[in-house]
Amino acid sequence: MILTEQPRVRFERAAELSVHLAQQDSLEGQLSKRLFVKGNEAAAMGAVAAGCRYYFGYPITPQSDIPEYLSRELPKLKGEFIQAESEIGAINMLLGASATGVRAMTSSSSPGISLKQEGISYMAGAELPGVIINISRSGPGLGGIDASQSDYFQAVKGGGHGGYHIPVLAPNSVQEMYDLTLHAFDLADLYRTPVMLLGDSVVGQMKEALVPNPRPVRELPEKEWAVRGKGSAGQRVVKSLFLGDGELEAHNWRLHAKYQVMKEKECISEEFETADAKLIVTGFGSVSRIAQTAVAMAREEGLKVGLFRPVTLFPFPEKALAEAAGHAGRVLVIELNTGQMVEDVRLSVGARAQVSFYGRPPGAGSLPSPEEILDVIRKNYDQAPQ
Amino acid sequence: MRKDVLIAGFGGQGVLLAGNLLSYAAIEEGKNVSYFPAYGVEKRGGSATCTVVIADGAVGSPVVGQPSTLVVLNQASLERFGARVRPGGVCIVNSSLVDVCALGRDDIRIIPVPMNEIATELGDLRMVNMVALGAYAAVSGAVELATLAGALKEALPERNHKYIPANVKAIETGAQVASEKTA
Amino acid sequence: MQQVFKRPQSLKDVQTHFCPGCHHGTIHRLVADAMDLHGVQERTIGVASVGCSVFLYGYFDIDVVEAPHGRAPAVATGVKRAKPDNFVFTYQGDGDLAAIGTAEIIHAANRGEDITVIFVNNTTYGMTGGQMAPTTLVGQKTSTSPYGRDKSKDGSPIRMAELMAQLGGVAYSARVAVDSPKHVLEAKKVIREAFGYQVQGRGFSFVEVLSACPTNWGMNPLKANARVGEEMIPYFQLGVFKKEEA
């Protein structure tokens with residue numbers, strides 16, 4: 001089948017964003033610059049293009065292409081690559097480097113990300129930027145290396161202690177692995193926060209065309225908080241301990257306010273064939289690509305089905321989804337887990353639409369095919385209000 | 001235009017290289033492409049598989065459930081993936097190693113190509129993947145043969161560029177034999 | 001009148017929050033003295049750990065990054081790699097460095113990170129209220145070893161300075177005490193020397209400082225001070241265990 005319509009990307013604040021998601025739009029006149037790379041490599045290239053020169057990590061499948069690429073490239077750029085003693089070591093090296101104001105990153109996969117949660121909480125508390133790429137795998141425990149989306153909760157609900165949030169971006173193509181990595185560094189600096197890129201082995205291991213154009217960098221604030229050696233100026237302290245009367249409460253309210261601004265300004269979502277849809281299919285990352293083809297197949301059968309894809313998982317594009325769902329009346333959530341993002345979908349659409357769920361927990365040995373999703377769409381479509 | 005193919009064989013038959021080369025050629029022709037190697041448990045048992053989706057517009061799913069074309073280089077792959085070919089689809093078979101009788105499908109077109117013999121005759125059995133790719137290009141029209149030939153320098157490491165002429169010949173021969181079968 | 005004793009420039013003019021008889025104040029002073037001597041205050045980034053030592057930034061007039069418990073050597077690694085021209089030191093207690101942060105200290109040392117580590121060993125967890133530490137002496141009673149540390153169950157106190165000396169990346173490792181004027185003068189010399197190693201870019205330097213914790217030891221300051229010499233030094237022997245020559 002042929003996809004009849006290009007996905008329509010919806011930014012809450014389009015003009016200010018440095019990413020440009022619809023890869024096909026940008027191809028004209030640039031064909032000679034297209035590379036053919038793995039998603040993981042594209043993310044590493046995006047980091048370099050973003051000016052990141054410091055990488056700290058620990059080997060784990062299926063993301064090792066990222067440290068392998070950067071261990072090769074960063075020394076050429078006078079950067080630093082450290083294979084740390086542990087994920088804990090790596091995230092704290094990131095904390096230290098970020099505290100000096102440089103752009104730095106780490107990457108890992110689910111079990112390793114669990115270990116990094118301590119550091120992520122401290123970075124969130126100390127308001128330190130930094131990019132964390134999570135090419136997630138299946139669990140719990142050692143689980144397996146299959147593509148999985150079972151770490152949605154961990155990523156978007158504050159995986160560590162202390163009730164914080166970090167922006168979470170969910171690429172679904174090799175181009176987005178690059179673009180959203182660039183965007184992640186901007187968001188990190190703009191909001192002084194760790195930012196997570198959440199993918200899986202599909203987006204990490206597949207190869208697609210990449211146009212490695214650095215996007216224009218957003219106007220970013222000076223890092224007046226970064227430690228640098230005080231010189232003759234005043235002391236700077238990067239910390240998350242607040243023991244003074246009322247200090248910590250005020251700090252938490254300030255962090256909360258920051259999350260509210262993110263919700264207002266930083267939601268990104270993508271819509272495909274939603275205008276007249278009676279059923280909205282939604283899913284993030286790899287599964288959204290499968291769903292996109294399933295939706296196109298459903299359209300060929302004459303079913304009015306559309307696709308809504310959250311690109312930012314935190315902030316979750318509540319308003320855009322509620323709008324699309326309100327028109328349709330029914331939403332089908334598809335995830336590679338037993339039901340996580342569906343909770344945010346329900347909160348977003350409220351009473352405006354019926355929400356149903358189709359989940360494929362990790363370890364089934366194969367991803368759902370477009371045909372399988374189409375089957376689920378057909379069943380749900382029959383129940384949709386006509 | 002949207003074409004998808006599942007290429008399957010055993011390790012050493014150059015399945016992943018074939019997928020890569022096809023992808024490079026598609027990119028060269030200005031198309032969009034998604035190449036996805038076998039993952040997780042599908043990787044077990046010494047088999048090598050990959051899917052390639054080529055499209056003028058958005059690629060959509062990199063995961064292919066029912067391929068419109070299956071290229072099988074060994075018997076085990078036919079048994080494993082033969083039933084998945086979309087009705088009305090095509091199965092290009094390495095008839096040197098694969099007996100298609102067991103498949104029992106009359107709703108797909110089966111194109112037998114003696115890939116091992118062709119590759120051996122051309123001087124190197126390892127070119128079986130190029131023969132297969134030539135056959136696929138001819139049958140599907142997904143990419144031009146000339147583009148495939150031109151993309152070899154991208155897909156092969158520089159130390160293997162000396163084998164490009166032989167590989168081009170293998171692609172062309174695979175295409176020619178497959179065309180004769182479909183004529 | 002000639003001034004013979006003054007506050008080091010790197011130290012702030014503030015009142016201490018440490019308990020009476022605690023050695024942190026003295027050790028802070030020696031660290032500040034070494035920064036002054038090498039003229040590095042303005043380019044120093046200190047890494048604070050978790051424990052009583054967390055308030056580093058309240059005493060030292062330098063930039064400071066606060067690390068999670070035990071992770072100071074990893075944080076310092078990130079700081080130093082990003083800013084190799086800065087002077088970077090960590091200041092850690094025994095629970096922080098020798099228990100929860102063992103992996104971080106061993107590997108930062110083994111990589112030969114060009115940082116200095118000040119390790120304050122008072123054989124107990126001070127801030128959390130006197131629990132058993134990895135350096136608690138055998139037989140020593142703490143709030144979590146009420147019958148005394150039992151070697152068969154709790155293991156033996158870890159001698160970090162000696163352990164550090166075994167690692168290839170370590171250029172300098174020493175143990176000092178601050179329980180007597182003589183020991184304070186020796187400690188001053190050693191800390192200055194350790195800082196010198198970093199100033200000259202000669203690799204990882206480590207100074208363990210034996211320290212009293214009267215509050216959690218349940219002793220008055222004098223008795224606690226005496227315990228350092230009577231019980232700790234016989235087990236944790238003072239000395240320079242490694243000193244790579246240029």
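The values are calculated or read from the model by the stated rules, or taken from the named source; none is laboratory data. As the structure is a computational prediction, the values presented were derived from the model and not from experiment. Reconstructed Cβ throughout: ideal geometry from the backbone, glycine too, with neighbour counts over all protein chains shown. All accessible areas refer to the heavy atoms of the entire protein, side chains included, with ligands and DNA or RNA removed. Shrake-Rupley method; radii C 1.70, N 1.55, O 1.52, S 1.80 Å.
A few points about this structure:
- Considering A:Glu300, A:Glu270, the condition of being open to solvent by 50 Å² or more (accessible area, probe 1.4 Å) and within 14 Å of chain B (Cβ to nearest Cβ) is satisfied by A:Glu300 alone.
- Some residue of segment A:138-161 being outside any loop (DSSP other than H, G, I, E, B), modelled with pLDDT under 95 and either within 30 Å of A:Pro368 (Cα to Cα) or among the small types (Gly, Ala, Ser) (or both): yes
- When residues of segment A:57-84 are limited to those that are under 25 Å from C:Ile105 (Cβ atoms) and touching a residue at least 40 places away in the same chain (Cβ under 8 Å), the one most open to solvent (accessible area, probe 1.4 Å): A:Tyr58
- Residue tally, condition of a type outside the set (Val, Ile, Thr), assigned to a helix (DSSP H, G or I), open to solvent by 10 Å² or more (accessible area, probe 1.4 Å) and in contact (Cβ under 8 Å) with a residue 60 or more places away in the chain, over segment B:130-164: 4
- Inside segment A:165-192, residues that are among the hydroxyl-bearing types (Ser, Thr, Tyr), touching a Lys or Arg at 6+ places or on another chain (Cβ under 9 Å) and surrounded by 24 or more Cβ atoms within 10 Å (Cβ to Cβ) make up a count of 1.
- Positions within segment C:45-59 being of a type in the set (Gly, Ala, Ser) and surrounded by fewer than 22 Cβ atoms within 10 Å (Cβ to Cβ), in sequence order: C:Gly58
Here is a yes/no grid of residues against (1) at pLDDT 95 or above; (2) in a helix (DSSP H, G or I); (3) of a type in the set (Phe, Trp, Tyr); (4) open to solvent by less than 10 Å² (accessible area, probe 1.4 Å):
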| residue | (1), (2), (3), (4) |
| --- | --- |
| C:Gln15 | no, no, no, no |
| C:Pro68 | yes, no, no, yes |
| C:Arg81 | yes, yes, no, no |
| C:Ala103 | yes, yes, no, no |
| C:Ala109 | yes, yes, no, yes |
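- Check on A:Glu87, among the charged types (D, E, K, R), free of Cβ contacts under 8 Å to residues at least 40 places away in the same chain and in contact with a Leu (Cβ under 6 Å, 6 or more places away or on another chain): yes
- Taken over segment A:83-119, the criterion of being of a type in the set (Gly, Ala, Ser) and assigned to a loop (DSSP other than H, G, I, E, B) is satisfied by A:Ala84, A:Ser86, A:Gly101, A:Ser109.
- When A:Ala298 is tested against (1) aliphatic (A, V, I, L, M); (2) under 30 Å from A:Asn40 (Cα atoms); (3) assigned to a helix (DSSP H, G or I), only condition (2) is not met.
- Inside segment A:111-120, residues that are open to solvent by less than 10 Å² (accessible area, probe 1.4 Å) and at the interface with chain C (Cβ under 10 Å from one of its Cβ atoms) make up a count of 1.
- Helices (runs of 4 or more DSSP H) contained in segment C:128-206 and holding at least 3 residues open to solvent by 40 Å² or more (accessible area, probe 1.4 Å), touching a residue at least 12 places away in the same chain (Cβ under 8 Å) and over 24 Å from C:His23 (Cα atoms): none
- For the criterion of being farther than 30 Å from A:Gln175 by Cβ, touching a helix residue (DSSP H, G or I) at 6+ places or on another chain (Cβ under 9 Å) and either without any contact (Cβ under 8 Å) to a residue 40 or more places away in the chain or outside any helix (DSSP H, G or I) (or both), B:Val64 fails.
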